[in-house]
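Engineer: The structure follows.
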Amino acid sequence: MSLAFAPEAFAPPATNVSRAGCLRRIGAPAAGVRDSRRVRIVPRYGGHPADAEVRFAWTGAAGAPTVIVQGGISADRDACASAEHAIHGWWERVVGAGLAIDLEQVRVLAIDWLDARDLGAPSVSSEDQADVLAALLDELGIARCAAFIGASYGAMVGLAFASRHPERAGRLVALAGAHRPHPFATAQRAVQRGIVRLGLANGCVDDALSLARQLALTTYRSGEEIGRRFAGGAEWRDGSFRWPVQDWLDLHGRRFVARCGARRYLALSESIDLHDIDPGSVRVPAMLIGFTSDRLVPLADLCELQQRLAAPASLEVVESPYGHDGFLKEHERLAPLLREVLQDCGA
């Protein structure tokens, strides 16, 4: 259901042209670019200019409007598979030819998140990530992206981008992310970071990082969904009782350890809790999307954000048992919302 008023229609942005000067008709798929660029920003907590290497993917129809797409702290630049990266992306059911974010109609730009060490700073902020994206647009010769679509931490960075660089985006879509973290969510992440720091101090960092990720998973999903999937009783295995949910947790813990270092995790987790954007500074038309069972980003926070934004905004509430992970699971229900936004901004 939609709350409050919907954004008005806005004129489509000018066609984006890369420095390579290559234009193709919209609808002709392109393999895209998976590369890196060196950019300079002034980190919020650094106090002096810093040069950083930003890894990006820019995939879709060359000459089509560019759409920035960013996910949570465990997401990377590969929202979908491409000719340059054949592995499935983190938003494979949403980004692709003929899908909600249609790579035959738009060109998707995404980055790997930077951490504090990348910037030579004590901490990294959502504003830093936003400034890195703006600097990358300059490097690629993109004056303005048609839309910024961010989920979870990506929604936080999208709000920071809209606040600091309002002229660089036609529309903002923020899924499961608000202007500030909720104290309940901060409490959960503080415990997770404490587990990782304990592991670093005691030489068992992989085990600690896995446990922190497992604890995080219990907050991403709703109790309803976990109860439905793992209702079975314990079984005796390898000298102890095991419950069905433990295999799921262990699997995801191991996968996370394989792709994310402990210090990077600490920096990005902390960055979420440092996030604090004044909604009144956001002057880009927005669609906010929340999920009824999301304990990390409650609907009350999104209602407050919608009311305080300085541009037209709608709030779309999706009934879902998947909690904060609704943006990953409810692709069929998100598709018409995303298509509506991209159509309105001419993408």
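The values are calculated or read from the model by the stated rules, or taken from the named source; none is laboratory data. Owing to the predicted nature of the structure, the values given are computational and were not obtained by experimental measurement. In this analysis, Cβ positions are derived from the backbone assuming ideal geometry, glycine residues included, and neighbour counts consider all displayed protein chains.
Engineer: In region 106-129, how many residues are in a loop (DSSP other than H, G, I, E, B) and buried (at least 20 other Cβ atoms within 10 Å of the Cβ)?
Structural biologist: Here is the first cut: in region 106-129, the ones in a loop (DSSP other than H, G, I, E, B) are 106, 112-115, 120-125.
After this cut, where a residue has to be buried (at least 20 other Cβ atoms within 10 Å of the Cβ) as well, the list is 106, 113-115, 121, 124-125.
Total meeting the criteria: 7.
Engineer: Could you say which residue among G154, G158, G150 is outside any helix (DSSP H, G or I) and buried (at least 21 other Cβ atoms within 10 Å of the Cβ)?
Structural biologist: On the way: G154 fails: outside any helix (DSSP H, G or I); G158 fails: outside any helix (DSSP H, G or I).
Testing whether each residue is outside any helix (DSSP H, G or I) and buried (at least 21 other Cβ atoms within 10 Å of the Cβ) leaves just G150.
Engineer: Could you check, for region 204-224, whether at least one of its residues is farther than 14 Å from L274 by Cα, within 17 Å of the chain's Cα centre (by Cα), among the small types (G, A, S) and in a helix (DSSP H, G or I)?
Structural biologist: Yes, the conditions are met somewhere in region 204-224.
Yes/no matrix, rows are residues, columns are (1) in contact with a strand residue (DSSP E or B) (Cβ under 9 Å, 6 or more places away or on another chain); (2) at pLDDT 95 or above:
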| position | (1), (2) |
| --- | --- |
| R55 | yes, yes |
| A83 | yes, no |
| V106 | yes, yes |
| S123 | no, yes |
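Engineer: Mind listing whichever residues of region 138-161 are under 13 Å from W113 (Cβ atoms) and either free of Cβ contacts under 8 Å to residues at least 60 places away in the same chain or of a type outside the set (G, A, S) (or both)?
Structural biologist: Residues satisfying the conditions are Y153, M156, V157.
Engineer: Name the single residue, out of those in region 225-242 being among the acidic types (D, E) and modelled with pLDDT of 90 or more, that is nearest to the chain's Cα centre (by Cα).
Structural biologist: In the first step, residues of region 225-242 are kept if they are among the acidic types (D, E); the result is 225, 235, 238.
Still in the running and modelled with pLDDT of 90 or more: 225, 235.
Working: E225: 22, E235: 38 Å.
The selected residue is E225.
Engineer: Kindly indicate whether any position in region 232-248 is crowded, with 20+ Cβ neighbours inside 10 Å and in the same structural domain as V191 (by TED's automatic domain parsing).
Structural biologist: So far as region 232-248 goes, no, none of its residues is crowded, with 20+ Cβ neighbours inside 10 Å and in the same structural domain as V191 (by TED's automatic domain parsing).
Engineer: So, D273, is that one in a helix (DSSP H, G or I) and among the acidic types (D, E) or not?
Structural biologist: Yes, satisfied.
Engineer: Yes or no: R93 touching a His at 6+ places or on another chain (Cβ under 8 Å) and farther than 17 Å from A174 by Cβ?
Structural biologist: Details: touching a His at 6+ places or on another chain (Cβ under 8 Å): yes; farther than 17 Å from A174 by Cβ: yes.
So R93 fits the description; yes.
Engineer: Additional query: For region 51-103, which residues satisfy the criterion of being hydroxyl-bearing (S, T, Y), touching a residue at least 60 places away in the same chain (Cβ under 8 Å) and in a strand (DSSP E or B)? Spell out the reasoning first.
Structural biologist: The first filter runs over region 51-103 and keeps only residues hydroxyl-bearing (S, T, Y), leaving 59, 66, 74, 82.
Now drop any that are not touching a residue at least 60 places away in the same chain (Cβ under 8 Å), which leaves 66, 74.
The one that is hydroxyl-bearing (S, T, Y), touching a residue at least 60 places away in the same chain (Cβ under 8 Å) and in a strand (DSSP E or B): T66.
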